[in-house]
Amino acid sequence: MTSLFCALLALGAPAQEAISSPGHGHGAYVETADGRLYYEKSGEGPVVVLVAGGPGSGHSSFHGYFDRELKGRTVVFFDNIGRGRSDRLKDASGYTVERDAEDIEALRRHLGVERITVIGHSYGGMPAIAYAVKYPQHLDRLVLSDTLHSANGFQQNIDSCNAVAQRQSPEKWAKLMEMRKRGVKSSADEYTDLYGPCLEGVYTYDDTRPPVFFDSGDPQDRFNPEVYLAMLGDDPEWKVAGTMKRFDPRGRLKDLRVPTLICVGRHDQVAIPRVAYEMHKLIPGSRLHVFEKSGHWPWLEEKQIYFEVVNGFLGQS
């Protein structure tokens with residue numbers, strides 16, 4: 001399938017190792033204006049809310065890592081509306097970055113805490129940023145992990161993936177361009193079946209050690225392409241043209257005073273280091289940590305270092 005779409009579907013592939021999560025599937029629901037919002041909790045202490053990627057993925061890929069490695073915290077996993085075990089919208093045009101940020105606030109109110117820490121990974125950093133600029137009074141700390149700051153940042157992701165495909169798979173790229181001349185869009189199976197293999201390796205530093213994620217085996221936890229296409233449009237590997245195209249909080253980041261840690265893998269070709277650096281320059285006092293032997297998931301490829309950095313930022317040794 002497509003670049004992000006393909007990799008996110010791979011999260012549901014059988015794992016090479018057994019990763020358990022006894023609490024998965026035994027969470028609770030928050031009633032919101034848009035439907036029921038599913039969440040799970042692990043641990044005790046100040047609340048940390050994890051925001052998953054996609055757009056279209058649920059929370060399950062965080063299991064086995066953040067719940068074990070974040071120290072002295074209540075770790076909250078949740079599925080944004082339209083994903084995982086949460087309810088779907090009747091009108092897909094309602095899936096927006098800003099609406100996803102409201103899920104975070106609904107969850108905070110339900111938990112009855114005044115301030116939370118938010119960790120957003122990949123696409124999940126975008127609603128985390130939207131939450132930070134709208135609700136800074138309820139945010140203790142912000143961690144932006146291999147993520148994107150705006151529609152422009154997501155377009156840089158698309159352009160980076162296409163550059164890899166064109167550079168590394170010129171014979172396939174030529175066929176893809178012929179498809180485009182025929183009017184085939186990047187959401188079509190014909191296109192995505194050829195495009196997906198062009199992007200092997202864009203997510204990782206070490207291709208010999210494929211990432212291992214928790215796999216529930218439950219269809220409820222599968223990636224939802226409806227959300228992906230609603231936010232990016234029907235040509236999602238070419239241009240940001242869905243509801244996300246209006247999202248650009250960069251002008252407001254200069255006023256953000258929330259302690260912010262920005263993490264990125266040096267070899268991430270999806271949420272590229274250039275975008276992380278742009279965020280760092282935009283957010284006053286932010287910290288930037290580049291993981292030199294990681295791609296898109298430094299919490300997998302450099303787990304010990306990643307969680308030392310994050311726990312240190314959160315105030316833990």
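The values are calculated or read from the model by the stated rules, or taken from the named source; none is laboratory data. Every value quoted in this text rests on a predicted model; they were computed, and no experiment measured them. Neighbour counts are summed over all protein chains in view; Cβ atoms, including those assigned to glycine, are modelled from backbone coordinates with ideal geometry. What goes into the accessible areas is simple: the full protein's heavy atoms, side chains included, and nothing from ligands, DNA or RNA. Shrake-Rupley method; radii C 1.70, N 1.55, O 1.52, S 1.80 Å.
Give me the Debye-computed log₁₀ of I(q)/I(0) at q = 0.15, 0.16, 0.24, 0.25 Å⁻¹ for segment 58-135, equal point scatterers on Cα only, no solvent, two decimals. Debye intensities relative to I(0), on a log10 scale: -0.55, -0.63, -1.36, -1.43. Within the chain, the longest segment free of exposed loop sites, counting trypsin sites (Lys or Arg not before Pro) that fall outside DSSP classes H, G, I, E and B and have at most 12 other Cβ atoms within 10 Å, spans 91-181. With only the Cα atoms considered, segment 205-270 has a convex hull volume of 190 Å³ per residue. Taken as Cα centroids, segment 208-235 and segment 135-179 sit 16 Å apart, rounded to the nearest whole angstrom. Rounded to the nearest whole angstrom, the semi-axes of the ellipsoid equivalent to segment 123-197, taken from the Cα gyration tensor as √(5λ), stand at 36, 12, 9, largest first. Scanning the chain for GluC sites (Glu not before Pro) in DSSP loops with at most 14 neighbouring Cβ atoms within 10 Å leaves 201-291 as the longest stretch between them. With a cut-off of 12 Å between beta carbons, the residues surrounding Cys161 carry a summed charge of -3, where Lys and Arg count +1 and Asp and Glu -1. Between Leu89 and Lys254, the distance separating the two model label sites (each 7 Å from Cα on the Cα→Cβ line) works out to 3.1 nm.
P(r) tail for segment 159-264, what percent of Cα pairs lie past 24 Å?
46
Evaluated on segment 134-176, the Kirkwood hydrodynamic radius is 13.1 Å, with distances taken between all distinct Cα atoms.
The sum of -39500 (n - 2.57) across all DSSP H runs of n ≥ 4, divided by the residue count of the chain, sets its helix-only mean residue ellipticity at 222 nm to -10000 deg cm²/dmol.
Of the residues His267, Trp238, His280, the one whose Cα sits farthest towards the positive end of the charge dipole of segment 180-317 is His280 (charges of +1 on Lys and Arg Cβ, -1 on Asp and Glu Cβ, taken about the Cα centre).
Please report Rg over Rh for segment 221-317, where both radii come from the alpha carbon positions and Rh follows the Kirkwood definition.
So for segment 221-317, dividing Rg by the Kirkwood Rh gives 1.03.
May I ask for the distance between the Cα centers of segment 241-317 and segment 53-127, given as a whole number of Å? Between the Cα centre of segment 241-317 and that of segment 53-127, the gap is 17 Å.
Tell me, in nm to one decimal, what length is gained between Arg180 and Arg287 on full extension, where the rule is 0.36 nm per residue of separation less the Cα-Cα distance?
34.4 nm
With contacts defined as alpha carbon pairs under 8 Å and 6 or more residues apart, what's the relative contact order of the chain in percent? Before the final figure, lay out the partial values.
Numbers: 665 pairs, mean separation 69.1, N = 317.
Rounded, it is 22 percent for the chain.
Taking the DSSP beta bridges with both ends in segment 35-181, the antiparallel portion is around 25 percent. Scattering from the C-alpha atoms of the chain alone, worked out with Debye: what is log10 I(q)/I(0) at q = 0.07, 0.08, 0.14, 0.15 1/Å? Here the Debye-derived log intensity ratios amount to -0.24, -0.32, -1.06, -1.24. Only protein atoms count toward the accessible area here, which uses a 1.4 Å probe; on segment 74-142, the carbon and sulfur part of that area reaches 46 percent.
Multiplying the residue separation of Ala241 and Ala28 by 0.36 nm and removing their Cα-Cα distance gives an extension gain of 73.3 nm. DSSP assigns beta bridges within the chain; of those with both partners inside it, close to 30 percent run antiparallel.
About its Cα centre, the chain has a charge dipole of approximately 880 debye under the convention of +1 per Lys or Arg Cβ and -1 per Asp or Glu Cβ, with nothing else charged.
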